[in-house]
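Participant: Quick one: structure below, then a few questions.
The values are calculated or read from the model by the stated rules, or taken from the named source; none is laboratory data. Since we're looking at a predicted model, the values are computed, not measured. For neighbour counting, all protein chains shown are included, and Cβ atoms are generated from backbone atoms with ideal geometry for every residue, glycine included. Note: accessible area is taken over every heavy atom of the protein model, side chains too, but ligands, DNA and RNA are not part of it. Shrake-Rupley method; radii C 1.70, N 1.55, O 1.52, S 1.80 Å.
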Amino acid sequence: MLEPLNEGFLSRISDVLLCGWTCRHCCQRCYESSCCQSSEDEVEILGPFPAQTPPWLMASRSNDKDGDSVHTASDVPLTPRTNSPDGRRSSSDTSKSTYSLTRRISSLDSRRPSSPLIDIKPIEFGVLSAKKEPIQPTVLRRTYTPDDYFRKFEPRLYSLDPNLDDVDSLTDEEIMSKYQLGMLHFSTQYDLLHNHLTVRVIEARDLPPPISHDGSRQDMAHSNPYVKICLLPDQKNSKQTGVKRKTQKPVFEERYTFEIPFLEAQRRTLLLTVVDFDKFSRHCVIGKVAVPLCEVDLVKGGHWWKALIPSSQNEVELGELLLSLNYLPSAGRLNVDIIRAKQLLQTDVSQGSDPFVKIQLVHGLKLVKTKKTSFLRGTIDPFYNESFSFKVPQEELENSSLVFTVFGHNMKSSNDFIGRIVIGQYSSGPSESNHWRRMLNTHRTAVGQWHSLRSRAECDRVSPASLEVT
């Protein structure tokens, strides 16, 4: 070991030759110089800068003023570093910057403050937004079901006929022998040049005898069949053949054209319904044939004999009526426009129907005024475009009803009833009530809507105004 007098000079030379953090005795890094550790656990901090007292050591010094014999480096006042005129540090400054802290390891461990608690917030992943919305847990609640909830369902729409479950797996001969409803001969072909589908209804055979539910039918041996054609799911734009009188083997030989794109035609289903005409009662459905057009070659075309199967729809629809309503409060006038009707029930065996519309104004339960359109010969899709005006004061409007009845003109006897609707105070259905409500909310504006015709018995059951007219 060197003499203490020369310690400052040699320290300066070692600082120049070696790194400030290198042991001067064994020339090893500080963390590897275990050979130079003193037996008294002295720790020597080397460097050309003045040592700073750790904050935790100053706190422990204030607690050890009462009789603690172990002194730390904070007891020695720090001397600020001064530079010589030539800009170099003197050996005395270097020696002052090097100091020793003598302390036992046990004292360091006991006096060192405990590690601070770090509050780490959870990391949130998501899209950054200006406003953060808290996410609340979903509370499972028991839904309330009213007592009349299931009364709104129509069981006939969801019931399955066990007799029709195996129809797809049966041949036409097996279907014919099982149901005995007859067979229908028809053909289809698509015209790519004009973009329309042609359906040809040729004939039918072995149709069953007619069925009368109310006993009003006179001839129970022969039927008066005709065929209705539509492309499902569109049943509104249907077509129908003429009625063939008193025959179970009718020959139709009629063609009908549907303007429809080719790709759309492949997604449709051709529905042919054979109906028995009855002038004095409702028409009865004999049977039907459904052919998905995706299963046939439409361009090449073809014709088939298909056995009729039972239909869930036993009665034929009566048709639809398009009309418009408009009220002028200043003039106190209720204007009615009869625009057109379509797919009306056929009332004449030979030439279809001669339909006309009768409009009757009922105030409360009293018939006030009656008007009617002209009749159009030999059609079930008439166009009227006729307007009518009724004088109705504004204070009496809410208590008024309009009864629309479609008849088939008959010169030899009384007119044939086709269908009826009631719009106003005593409406015959939700569609009619909605039309009347829209008219009341939009004065001076014409409100048009299609309506499905109803039977006389149905209107009489739900509308008192229907009972007051003929």
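Participant: Go ahead and run the numbers for FRET between Asn434 and Tyr256, Cβ-Cβ distance against an R0 of 35 Å, rounding to 0.05. All intermediate terms of the calculation are to be shown ahead of the outcome.
Facilitator: Working: r = 33 Å, r/R0 = 0.95.
Efficiency for this residue pair is about 0.60.
Participant: In addition: Fully extended, how many nm does the chain gain between Leu367 and Ala457 (0.36 nm per residue separation, minus their Cα-Cα distance)?
Facilitator: On the way: separation 90, 0.36 × 90 = 32.40 nm, distance 1.90 nm.
This chain segment gains 30.5 nm when fully extended.
Participant: Of Lys246/Lys358; Lys306/Lys342; Lys178/Lys288; Lys246/Lys342; Lys178/Lys306; Lys236/Lys369, which pairs sit farther than 24 Å apart, going by alpha carbon to alpha carbon? Walk me through the numbers before you get to the answer.
Facilitator: Details: Lys246/Lys358 32 Å; Lys306/Lys342 28 Å; Lys178/Lys288 15 Å; Lys246/Lys342 26 Å; Lys178/Lys306 14 Å; Lys236/Lys369 32 Å.
Pairs exceeding the cut-off: Lys246/Lys358; Lys306/Lys342; Lys246/Lys342; Lys236/Lys369.
Participant: Also, I was wondering about something else. For a quick check of understanding: with a 1.4 angstrom probe and all protein chains in place, what accessible area in square angstrom does Glu173 have, to the nearest ten?
Facilitator: Glu173 has an accessible surface of roughly 130 Å² with all protein chains in place.
Participant: So, one more: Using protein chains only and a probe of 1.4 angstrom, how many square angstrom of Lys228 are accessible, to the nearest 10?
Facilitator: 40 Å²
Participant: What are the trypsin sites (Lys or Arg not before Pro) within the stretch 370-457 that DSSP puts in a loop, where the Cβ has at most 11 other Cβ atoms within 10 Å?
Facilitator: On the way: sites: Lys371, Lys372, Arg377, Lys391, Lys412, Arg420, Arg437, Arg438, Arg444, Arg454, Arg456; in loops: Arg377, Lys412, Arg444.
Sites meeting the loop and neighbour criteria: Lys412, Arg444.
Participant: Also, I was wondering about something else. What does a probe at Arg333 reach in the stretch 376-397, counting residues whose amide N is under 20 Å from the point 7 Å along Cα→Cβ?
Facilitator: Counting only backbone N, you get 385-397.
Participant: So what is the relative contact order for the stretch 319-468, in percent, with contacts set as C-alpha pairs under 8 Å and at least six apart?
Facilitator: Values: 348 pairs, mean separation 42.1, N = 150.
The normalised contact order for the stretch 319-468 reaches 28 percent.
Participant: Let me ask another. If you take every residue apart from Gly378 with its C-beta less than 13 Å away from the C-beta of Gly378, what net charge results, scoring Lys and Arg +1 and Asp and Glu -1?
Facilitator: Numbers: positive: Arg377; negative: Asp348, Asp354, Asp381.
Combined, the nearby Lys, Arg, Asp and Glu give -2.
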